[in-house]
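A quick write-up on the structure given underneath.
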Amino acid sequence: MASKGLTRFAWALVIYNLLVIGFGAFLRATYSGDGCGDHWPLCGGELIPAFTELKQVFEFSHRVSTGIVLPLVLALAYKCFQQFPKGSQIRKTATLVVAMTCIEALIGMILVKYQLVVRDDSALRAIVLSFHVISTFVLVGALGATALLAGGAPTFKWKGQGPLGGGVTLAYISLMFLGVSGAVSALGHTLKPVGDVLGAAIQSDTHWMVRLQPLHPLIATAIGLYLLLLGGLMIHLRPDPNVKKAVQWLVSLYVAQMAIGLLSITLKAPIALQLIHLMMADATFLAFVACMVFAFGEGVPWVETNDATARDLIEEQTRTWKETVKAYVSLTKPRVISLLLFTTLTAMFIAKGGWPGTILFIAVAIGGYLSAGAANAINMVIDRDIDATMKRTAKRPTVTQSITSKNALLFAGSMAIASFAILWGAANLLTAVMSLTGLVFYVVVYTMLLKRRTWHNIVIGGAAGAFPPMVGYAAVTNYLNPLAWWLFAIIFVWTPVHFWALAILIKDDYESAGVPMLPVVHGVRATVIQIALYTLLTALVSIMPMFQPNVGSIYLVSALLLNAVLVVRTAQLYRSPERPQALGLYKYSMVYLALLFLMMAIDRSVLL
């Protein structure tokens, strides 16, 4: 254990570096990067210039502030080597800090000597700037790790962490990519300011920096969703208070950073917000490093993911390839996905007003299935304990261990990555983000946060199943208009009707598993009343698309007829809340949603 003095010094150095980073962004935003000309390390050829211009004061001050960093990090490394024995991990992180400080200085020299500053809008500047961002992240991360280790954090290792190791690696790379996209976006705001970024971005003669700017918020959203998913898995797989606290810091800082970024866009990127946004990005990366250090630390408790017994492994080896494929397919819950996928594909017809195109249709079908399948596979790993107590789920491969939790998570991660890549490549980034949002909402909000805590789980968590039509709509249009949101709303209010009818049928299973579904908590009669209320709400919301352009009488007549049958089925359950009536409503609710979306697709195709 190091002295408190070393720990405080390390954290003070972290804060100082964040301020220096912010100062560097200030130079870019104020066009002061050439204050010392192309001289380095001298300023204007002099050790101390005459300060004839304000930008010279800024540039010289920045060089002094960055020059102080090297002796400070050398002092930090000396103290680490002095207080910790040979082979200690903190010696390695401190050495990395010194190395990255030198690399940062080298990159700064290149920017100055080649005059990649002020109004230079070359691709070379963007490339060097990208390396600058990456090296800054590595430096800040190494400093943070050094401070944590000095404060008593356990020695950590990246290898041998199972699926979580791969997930953290992907997050590390993703945050680097986000930092690069943010830096290029900020450079574009500085060099090529425009009143309407979205309008300018679609013009063929617009500078490439401007065309890239609208992608940054979507990239940030996608990576934020992934970090939320990864953080949830970290807490589940590494049940340690420090891990939970670090994840909470990570999520809080990321949300704050997103809010500041949104405010910056709204206010046309004022300098002050640009600086805060940049320093928040580095602070977020620090929180991510803390998550990694504590989750991968020695002695941290694990929830075992490679948990097949020797007998299970023997059985797995003797299975035929068809049986293996069948087991992995069952992880995706294909019967559950079928209705979700149907709403995705019909939404494409609704958005297009006809056939959306063969390649796009197939790509969205595959990408949508993979995303939903990934969510279901992760759900099976997390809910393995309660699935084992329920007759309906007792034979799931994660329960029987015909597929280990480790392999299930690897399979889910591969599907999620493939889905995102397919939807972004074949359609657009918005489509991929909508699909990822549904996945994260199902896993984190429904499965991790709500399912075992409140009977409202399906009311709020059911929103996950409402994202598929948004995916289909965005794939065709690359935007979400009010009609797309009405499709979302229909499924959102329909879900309680559908699911609570099922919950009545398997009430005993949920009760034995300790899952607080509405029939278990408040009884069947209260559940039927809630179903009746949501049936009326579903009927009302399903009519609202009529107030949107190009939705006609075919849909109106169909919606009225379908809603009439839905109300009758619900009334039958209300009069006689027995199993046959609940089963009838449950089955019809699936037919209802499928036909409702199908008839709107037909209606829009005929009218357009």
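The values are calculated or read from the model by the stated rules, or taken from the named source; none is laboratory data. Values in this document were obtained by computation on a predicted structure and should not be read as measured data. Cβ sites come from the backbone with ideal geometry, for glycine too, and all protein chains shown count toward neighbours. Note: areas computed on protein heavy atoms with side chains; ligands, DNA, RNA excluded. Shrake-Rupley method; radii C 1.70, N 1.55, O 1.52, S 1.80 Å.
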Of the residues that make up the range 512-527, is at least one open to solvent by 40 Å² or more (accessible area, probe 1.4 Å) and free of Cβ contacts under 8 Å to residues at least 24 places away in the same chain? no
ask   = Right, LEU76: at negative phi, open to solvent by less than 20 Å² (accessible area, probe 1.4 Å), in contact (Cβ under 8 Å) with a residue 12 or more places away in the chain and not in a helix (DSSP H, G or I) or not?
value = no
Pairs returned, first residue in the range 32-44 that is closer than 19 Å to LEU191 by Cβ, second residue that is of a type in the set (A, V, I, L, M, F, W, C) and open to solvent by 70 Å² or more (accessible area, probe 1.4 Å), beta-carbon separation under 8 angstrom, 6 or more apart or interchain, are SER32/LEU54
The helices (runs of 4 or more DSSP H) lying wholly within the range 374-463 that contain at least 3 residues that are small (Gly, Ala, Ser) and more than 17 Å from the chain's Cα centre (by Cα) are 405-426
Of the conditions (1) in a helix (DSSP H, G or I); (2) modelled with pLDDT under 95, the single one that ALA559 does not satisfy is (2)
Filtering the range 482-494 down to residues that are within 30 Å of ALA426 (Cβ to Cβ) and either open to solvent by less than 30 Å² (accessible area, probe 1.4 Å) or in contact (Cβ under 8 Å) with a residue 60 or more places away in the chain (or both) yields PRO482, LEU483, ALA484, TRP486, LEU487, ALA489, ILE490, ILE491, TRP494
Scanning the range 26-56 residue by residue, those more than 18 Å from LYS113 (Cα to Cα) and in a helix (DSSP H, G or I) turn out to be PHE26, ALA29, LEU54
The residue from VAL255, VAL184 that alone is modelled with pLDDT of 90 or more and within 23 Å of the chain's Cα centre (by Cα) is VAL255
Only one of VAL497, VAL568 is in a helix (DSSP H, G or I), open to solvent by 10 Å² or more (accessible area, probe 1.4 Å) and of a type in the set (A, V, I, L, M, F, W, C), namely VAL568
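Condition check ((1) open to solvent by 80 Å² or more (accessible area, probe 1.4 Å); (2) of a type in the set (A, V, I, L, M, F, W, C); (3) free of Cβ contacts under 8 Å to residues at least 60 places away in the same chain) across all residues:
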residue: PHE58; (1), (2), (3): no, yes, yes
residue: VAL64; (1), (2), (3): no, yes, yes
residue: ILE68; (1), (2), (3): no, yes, yes
residue: PRO85; (1), (2), (3): yes, no, yes
residue: THR101; (1), (2), (3): no, no, yes
residue: SER122; (1), (2), (3): no, no, yes
residue: ARG125; (1), (2), (3): no, no, no
**Request:** Restrict the check to the range 81-91 and report whether at least one residue is of a type in the set (Gly, Ala, Ser) and not in a loop (DSSP other than H, G, I, E, B).
**Result:** no
Of (1) open to solvent by less than 40 Å² (accessible area, probe 1.4 Å); (2) part of a loop (DSSP other than H, G, I, E, B), ALA503 fails just (2)
Here the residues within the range 541-553 that are within 35 Å of the chain's Cα centre (by Cα) and more than 14 Å from VAL493 (Cβ to Cβ) are MET546, PHE547, GLN548, PRO549, ASN550, VAL551
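Residues checked against (1) within 36 Å of the chain's Cα centre (by Cα); (2) aliphatic (A, V, I, L, M):
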{"position": "TRP500", "(1), (2)": "yes, no"}
{"position": "ASP508", "(1), (2)": "yes, no"}
{"position": "GLU511", "(1), (2)": "yes, no"}
{"position": "GLY514", "(1), (2)": "yes, no"}
{"position": "VAL520", "(1), (2)": "yes, yes"}
{"position": "ALA532", "(1), (2)": "yes, yes"}
{"position": "ALA539", "(1), (2)": "yes, yes"}
{"position": "TYR555", "(1), (2)": "yes, no"}
{"position": "THR570", "(1), (2)": "no, no"}
Scanning the range 162-181 for residues that are among the hydroxyl-bearing types (Ser, Thr, Tyr) and out of contact with any Gly (no Cβ under 9 Å at 6 or more places or on another chain), the one nearest to LEU218 (Cα to Cα) turns out to be SER181
Counting only residues in the range 1-30 that are among the hydroxyl-bearing types (Ser, Thr, Tyr) and modelled with pLDDT of 85 or more, the one most open to solvent (accessible area, probe 1.4 Å) is identified as TYR16
Counted residues in the range 464-478 being farther than 17 Å from PRO496 by Cα and part of a loop (DSSP other than H, G, I, E, B) come to 1
Reported set for the range 34-48 where residues are open to solvent by 10 Å² or more (accessible area, probe 1.4 Å) and not β-branched (Val, Ile, Thr) is ASP34, GLY37, ASP38, HIS39, TRP40, PRO41, LEU42, GLY44, GLY45, GLU46, LEU47
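Per-residue answers, yes or no, for (1) among the β-branched types (Val, Ile, Thr); (2) at pLDDT below 95; (3) within 25 Å of VAL336 (Cβ to Cβ):
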site	(1), (2), (3)
LEU537	no, no, yes
ASN550	no, yes, no
ASN563	no, no, yes
ALA571	no, no, no
GLY584	no, no, yes
Within the range 7-19, residues being closer than 16 Å to LEU76 by Cβ and under 29 Å from the mean Cα position of the chain (by Cα) number 5
Residues of the range 356-374 being touching a residue at least 12 places away in the same chain (Cβ under 8 Å) and over 17 Å from THR437 (Cβ atoms), in sequence order, are PRO356, ILE359, LEU360, PHE361, ALA363, ALA365, ILE366
For this session: Consider TYR114 carefully, then state whether it is at pLDDT below 90 and either over 27 Å from ARG28 (Cβ atoms) or open to solvent by 40 Å² or more (accessible area, probe 1.4 Å) (or both).
Result: yes
Of the residues in the range 220-274, those that are free of Cβ contacts under 8 Å to residues at least 40 places away in the same chain, open to solvent by less than 60 Å² (accessible area, probe 1.4 Å) and closer than 27 Å to SER414 by Cα come to GLY224, VAL251, TYR254
